[in-house]
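Below: the structure, in structure tokens.
Quick note: the coordinates plus some simple rules give every number you see, no bench work behind them. Please read these numbers as outputs of a predicted model, since none were measured by experiment. Backbone-built Cβ (ideal geometry, glycine too); neighbour counts: all protein chains shown.
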Amino acid sequence: MKIRAFTLTVVFKGLSANYGESVGNVSELKKLTHGGELYSYISRQALRHELWRFLKENYRIDTPDYWNEEPEIKVKVEELLTSLGMKGELPPPQILTAEQDVVQFHPEVNALNCVEADLFGYMKTKGGEGADTRSAVVRFSPAVSLEPLALDLEFGTNKSFADRAGSDPNPFQFEHHYALYTYTVTVDLDKLGTELSPKGETVGRLPEEERARRLKMVIESIPFLSREIKGRVENLSPLFAVGGFYTVKNPFFLGRVEVGYDRNLKKFAINPEPLADTMNLSFRGERVGQTTKVAILKGFWANEEELSKAFEEAGARVLNVPEMFKELAEQVSEVYGV
């Protein structure tokens with residue numbers, strides 16, 4: 001059966017990585033309620049921004065550097081755009097526009113000539129004609145804390161600046177939550193590198209080499225994501241990850257991660273049962289566990305051996321974090337046959 005989707009559920013540890021609207025001088029964390037407890041979360045928009053920032057800084061997406069790096073692919077894409085009656089200039093001369101006070105992608109931008117528009121989708125409004133939209137192919141769930149929020153509060157002032165200026169300091173307060181978080185990222189492999197009509201029909205599809213390059217970039221970026229906030233940098237690198245390539249479009253492991261704390265070992269433990277049970281799901285004779293990879297950061301989890309045994313019995317391949325992402329990146333070539 002054809003591989004149609006990539007999904008990965010990640011666990012990382014971080015401090016206060018997304019704030020909502022401030023109330024007075026208090027910066028409040030984004031939070032939600034579940035089971036009578038408060039949990040902090042990092043919005044999907046924030047995660048999307050951090051992936052875009054990493055791709056921009058390290059792969060130079062939507063710049064001449066990106067397109068000139070693979071000249072043979074560039075020629076193929078330019079020929080494709082010309083055959084479709086689109087401007088073949090790579091990258092497009094303008095990515096965004098703010099006409100009529102609406103910030104959006106430029107009318108000439110599409111999923112074929114713009115990596116950002118392809119990965120994260122777009123909506124381009126047209127006066128009197130509605131909107132031209134394309135759904136994102138790379139989708140994040142919010143990163144929700146796995147530990148309840150205790151409403152810790154930091155108090156601070158700009159005393160150094162105030163003393164230097166001979167003025168009174170301005171106090172501020174931040175809500176804080178240092179916790180494990182989990183999120184899931186999914187990629188629709190059918191739509192990646194494909195421009196669609198308003199009716200959902202395929203207008204044009206990039207060469208397989210370019211589709212593979214874009215997917216590989218996303219996978220290679222996940223272990224290195226970080227979050228810049230309030231003068232800090234938080235590490236979003238996985239402590240645990242589970243997922244892979246599948247013939248069914250489903251975020252299998254979203255909402256399946258549960259953790260506890262071993263006070264004797266002073267380490268966290270993951271409950272393997274919901275994850276292993278999910279791996280036993282079958283579709284058309286293919287079990288989820290058959291194509292699932294699991295990454296466990298060595299030395300972090302209290303029940304590392306239990307996790308490895310449970311997942312291997314469910315058919316999954318258990319690796320360390322670097323090995324998992326190396327194998328996933330290499331598997332992209334098989335997915336697109338390049």
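Would you mind checking which residues have amide H under 5 Å from Leu281's amide H? H placed 1.01 Å from N; only 5 or more apart, or other chain.
Val288, Gly289
Relative contact order for the chain using alpha-carbon pairs under 8 Å, separation at least 6, rounded to a whole percent? Numbers along the way, then the final one.
Working: 642 pairs, mean separation 74.2, N = 338.
Across the chain, relative contact order equals 22 percent.
For segment 135-232, which trypsin sites (Lys or Arg not before Pro) are both in a DSSP coil and crowded by at most 11 other Cβ atoms within 10 Å? Walk me through the intermediate numbers first.
Working: sites: Arg139, Lys159, Arg164, Lys191, Lys199, Arg205, Arg211, Arg213, Arg214, Lys216, Arg227, Lys230, Arg232; in loops: Lys191, Lys199, Lys230.
Within segment 135-232, the qualifying trypsin sites (Lys or Arg not before Pro) (loop, at most 11 other Cβ atoms within 10 Å) are Lys199.
Could you tell me the extents of segment 54-170's C-alpha atoms along the three principal axes, largest first, rounded to whole Å?
65, 36, 35
Can you compute 3J(HN,Hα) from phi for each residue in segment 108-119, using the Karplus curve 6.51 cos²θ - 1.76 cosθ + 1.60 with θ = phi - 60°, rounded to whole Hz and x for Gly and Pro?
Residue by residue, segment 108-119 yields 7, 7, 8, 5, 8, 9, 9, 5, 4, 5, 5, 5 Hz.
Using +1 at the C-beta of Lys and Arg and -1 at the C-beta of Asp and Glu, which of Gly243, His34, Phe54 has the Cα lying farthest in the positive direction of the dipole of the chain?
Comparing the listed Cα positions along the dipole, His34 ranks first.
Quick check: pseudo-label points 7 Å beyond the Cα along Cα→Cβ at Phe283 and Ser43, how many nm apart are they?
3.0 nm
Quick check: convex hull of the Cα atoms in segment 213-338, volume per residue, rounded to a whole Å³?
Values: hull volume 16.4 nm³, N = 126.
Per-residue hull volume (Cα only) is 130 Å³.
Sorting Val335, Val10, Val187 on the 10 Å Cβ count, fewest up front, what's the list?
Numbers: Val335 19, Val10 26, Val187 23.
Ascending number of Cβ neighbours within 10 Å: Val335, Val187, Val10.
When Rg is the radius of gyration of the Cα atoms in segment 111-254 and Rh is its Kirkwood radius, what does Rg/Rh come to? Intermediate results must be reported in sequence, preceding the final value.
On the way: Rg = 21.6 Å, Rh = 19.2 Å.
Over the Cα atoms of segment 111-254, Rg/Rh equals 1.13.
Springs between alpha-carbon atoms under 10 Å, Gaussian network over the chain: tell me which of Ala98, Ala212, Ala314 tops the mean-square fluctuations.
Ala98
Given H placed on each backbone N at 1.01 Å, which residues far from Ile229 in sequence or on other chains put an amide H within less than 5 Å of it?
Sorted by chain and number, the residues that satisfy this are Glu234.
Gap in Å between the Cα centre of segment 85-159 and the Cα centre of segment 205-234?
The two parts, judged by their Cα centres, are 15 Å apart.
Amide H to amide H, which residues 5 or more places from Arg4 or on other chains are under 5 Å from it, using H placed in the peptide plane?
The list, which skips near neighbours in sequence, is Tyr246, Thr247, Val248.
Picking from Phe325, Gly289, Leu119, whose Cα lies most toward the positive end of the charge dipole for the chain (charges on Cβ: Lys, Arg +1; Asp, Glu -1)?
Value computed over the given set: Gly289.
What nm value, rounded to one decimal, do you get for the distance between Leu265 and Val248 when each label is placed 7 Å out toward the C-beta?
3.1 nm
Would you kindly state the longest site-free stretch of the chain, with sites defined as GluC sites (Glu not before Pro) in a DSSP loop (not H, G, I, E, B) surrounded by at most 11 other Cβ atoms within 10 Å? Walk me through the numbers before you get to the answer.
Values: sites that count: Glu21, Glu129, Glu201.
That would be 202-338.
Each residue of segment 253-258 in order: what ³J(HN,Hα) in whole Hz does its phi give by Karplus 6.51 cos²θ - 1.76 cosθ + 1.60, θ = phi - 60°, with x for Gly and Pro?
9, 5, x, 9, 8, 10
Grab the beta carbon distance between Asn25 and Glu70, set R0 = 35 Å, and tell me the FRET efficiency rounded to 0.05.
0.10
As a test of the formula, what do you get for the chain when each DSSP H run with n ≥ 4 contributes -39,500 (n - 2.57) and the sum is divided by the residue count, at 222 nm and rounded to the nearest 500 deg cm²/dmol? List each step's numbers first, then the result.
Numbers: 9 runs with 96 residues, N = 338.
Mean residue ellipticity at 222 nm (helix-derived): -8500 deg cm²/dmol.
Provide the gained length on full extension for the span Ser160 to Glu89, in nm with one decimal, where the gain is 0.36 nm per separating residue minus the Cα-Cα distance.
Details: separation 71, 0.36 × 71 = 25.56 nm, distance 5.10 nm.
So the chain would gain 20.5 nm between Ser160 and Glu89.
Once you compute Rg and the Kirkwood Rh from C-alpha atoms, what is the Rg to Rh ratio for the chain? Before the final figure, lay out each step's value.
Values: Rg = 22.4 Å, Rh = 22.2 Å.
Result: Rg/Rh = 1.01.
Only Cα pairs within less than 10 Å get springs; with that Gaussian network setup on the chain, which residue of Asp101, Asp132, Asp277 has the largest fluctuation?
Asp101
Using θ = phi - 60° and the Karplus relation 6.51 cos²θ - 1.76 cosθ + 1.60, list the HN-Hα couplings for segment 284-292 in order, rounded to whole Hz, with x at every Gly or Pro.
Values, residue by residue: 6, x, 10, 7, 4, x, 4, 10, 9 Hz.
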